[in-house]
Amino acid sequence: MSDIITLAIESSCDETACAITRNGREVLANIISTQIEIHKKFGGVVPEVASRKHIENIDLVVQEALDTAGMTFSDIDHIAVTHGPGLVGALLVGLSYAKALAFTLGIPLVGVNHIEGHLSANYIEHKDLKPPFITLIVSGGHTHLVEVKDYGSYEILGKTKDDASGEAFDKVSRAMGLGYPGGPIVDRLAKQGNPGAIDFPRACIHDDGYDFSFSGLKSSVLNYLNSMKMKNIDIVPEDVCASFQAAVVDVLTNKAIKACMDKGYKTITLSGGVASNSGLRSQMADLCHKACLDLKYPPLVLCTDNAAMIACAGYYRYLAGKRDSMDLNAVPNLKIDQV
């Protein structure tokens, strides 16, 4: 079978990204234009601003991907594009561009679920990885524990009942005046603090199910900060960050290991922006080693939003005969079991 070249576009939040892959797992180009510096002053992503920047950046990003791969549009076999979940305005920019490309070039269009893209990042890094396995997808908008039965076949075992883990990191960082994005900042300070300094709650950790909850933890941190302020006692940011992060990581690792053992799998993968958290990687690695489980996670560049992961997911959907028409729409709350 001849090689299949995929051009993928990702614009679900504040990264405008385009990637080109050969046979799904070989990345020829992975270009990401981030808007972090623009949104920092707002303390978070402003949807309207993000959409406008996508419009400004997308032509340049796609052309840079083609140049990096040493290809032209005539070399592309199909277009993969994120159509949800995400910010609807941001999604529509990438989706509209992808539709125009597919229509003009006369090649297939394949819509990709952003969450499926995250879990597919591991296929790029780990060439021998094949389903089935358990994956923990943790990001600013999603916390999912998923049973990957086959390429494109998933069962959601658990998900957050309220805040996503990454969202909790951002909110705690904002409350402490540390800046945006909160995840990397909290992770950095946590390395210098005492994770046992403050006893923050670990919701759902003893439940039989696999769901998560981080809203109570976030509220507990805010209450602690307010209490210390009212008592005129100085807080130690490093200890707060370390104690908060330890609470998040304990819940995430406990549920993931439990699912793997309950379901009889030997492999766990991490993906999503929070998968770059050093505390999560370290504790998961230790627990997997003790339980004789194989842990896999992507490099940092494939943890945050990127188009290479969308290209990989799109490739397997293409192989399965999936094609989308020009009426494919953006779905801000698209579920992974709707792929």
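Things to note:
- Checking the cross-link pairs Lys127/Lys161; Lys130/Lys322; Lys40/Lys255; Lys99/Lys335; Lys99/Lys296 against a 25 Å limit on the alpha carbon distance flags Lys127/Lys161; Lys40/Lys255; Lys99/Lys296 as lying beyond it.
- Ellipsoid equivalent to the stretch 85-177 - semi-axes via the Cα gyration tensor, in Å: 27, 22, 11
- Each residue of the chain gets 126 Å³ once the volume of the Cα convex hull is shared out per residue.
- FRET efficiency for the pair Phe73 and Ser153, taken as 1/(1 + (r/R0)^6) with r the Cβ-Cβ distance and R0 = 35 Å, rounds to 0.65.
- Springs join every pair of Cα atoms under 10 Å in this Gaussian network model of the chain, and among Leu319, Leu136, Leu91 the largest mean-square fluctuation is at Leu319.
- The dipole here belongs to the stretch 1-158: it is taken about the Cα centre, uses +1 on the Cβ of Lys and Arg and -1 on the Cβ of Asp and Glu, and is about 240 debye.
- With neighbour counts taken as other beta-carbon atoms within 10 Å, the residues Asp170, Asp324 rank, fewest first, as Asp324, Asp170.
- Selected from Ser33, Pro108, Gly279, residue furthest toward positive end of dipole (the chain; charges at beta carbon): Gly279
- Cα-based convex hull volume of the stretch 145-245 per residue, rounded to whole Å³: 117 Å³
- Positive-pole candidate from Gly152, Thr135, Ser215, dipole of the chain, charges at beta carbon: Ser215
- Around the Cα centre of the chain, unit charges on the Cβ atoms of Lys, Arg, Asp and Glu (plus for the first two, minus for the last two) sum to a dipole of about 500 debye.
- Rg ratio (alpha-carbon, reference 2.2 N^0.38 Å) - the stretch 193-339: 1.32
- Charge dipole magnitude, Cβ of K and R +1, D and E -1 - the stretch 174-289, Cα centre, debye nearest 20: 240 debye
Coordinate-derived values only; no laboratory data. Since we're looking at a predicted model, the values are computed, not measured. No Cβ is skipped: glycine too gets one built from the backbone with ideal geometry, and neighbour counts run over all protein chains shown.
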